[in-house]
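The values are calculated or read from the model by the stated rules, or taken from the named source; none is laboratory data. Since the structure is predicted, the reported quantities are computational estimates derived from the model, not experimental observations. Using ideal geometry, Cβ is built from the backbone for each residue, glycine included, and neighbour counts are taken over all protein chains shown. With ligands, DNA and RNA removed, areas are computed over all heavy atoms of the protein, side chains included. Shrake-Rupley method; radii C 1.70, N 1.55, O 1.52, S 1.80 Å.
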Amino acid sequence: MTNVLQTPPSSSIATRRRIDNPAFQAFCLLRVGFTVAPILFGIDKFAHVLVDWDKYLAPRLSDHLPGTPHQVMYVVGIIEIVAGLVVALRPRFGGYLVAAWLLGIIVNLLLIPGFYDVALRDFGLLIAAVALARLATAFPDRQSRSEVSA
C-alpha cells in the first residue's frame, strides 16, 4: 500500500468549478441585479427619466413625512443607492437590507389603490433578495471568509 499525496486542485481549477456551478451563477446574477437596479433607480429618483416617482408615495404616508413627496423621493434615492452599494460589498447583509426595503415599498404600494400589481412584483423581488442573502452564505468573498475564520 503506497501513500499517495493528493495535491489540492490549483486555484484556476477551483475557480473554474465555481464558475460552472449553477448556484454560483445564480448568486452572481442576483448580486449584479440587486447592485445595478437599486443604484439606477436611486439615481433616477433625482432625474425622473423612467417615471414620475412622486406618484408612488402613498398620500397617507406623505402627509406624515416632512417635506414634499418630491423631497422624500430624494431621500429614497439616496437609500436605494446605498442599498445597491451594500449588496455589491456585502451581499449576505445587503440581500436582507434590500428585502427589508422592498417590504417597506410593498406596504407603501398597498396603501395606493391601483398599484397592487406593482406590490406583487416587488414581493417577487423581495423573495429574490432573500435568495441572494442565502446564496451569499454558500459563496463568501475573501473578506467574509476572513471574518468567518476569526
- Taking the stretch 90-100 and keeping residues in contact (Cβ under 8 Å) with a residue 24 or more places away in the chain and under 26 Å from Ser62 (Cα atoms) leaves Tyr96, Val98, Ala99
- Task: For Ile81, state whether it is surrounded by fewer than 20 Cβ atoms within 10 Å (Cβ to Cβ), among the aliphatic types (A, V, I, L, M), touching a Pro at 6+ places or on another chain (Cβ under 8 Å) and part of a helix (DSSP H, G or I).
- Result: yes
- Query: Hey, among the residues in the stretch 33-42 that are within 11 Å of the chain's Cα centre (by Cα) and surrounded by 14 or more Cβ atoms within 10 Å (Cβ to Cβ), which one's farthest from Ala138 (Cα to Cα)?
  - Reply: Ile39
- Single residue of the stretch 50-61 satisfying the filter (assigned to a loop (DSSP other than H, G, I, E, B) and touching a helix residue (DSSP H, G or I) at 6+ places or on another chain (Cβ under 9 Å)) that is most open to solvent (accessible area, probe 1.4 Å): Leu50
- Task: Any residue in the stretch 103-120 that's assigned to a loop (DSSP other than H, G, I, E, B): show its pairings with residues that are among the hydroxyl-bearing types (Ser, Thr, Tyr) at Cβ separation under 8 Å, as long as the two are six or more apart or on different chains.
- Result: Ile112/Tyr56; Phe115/Tyr56
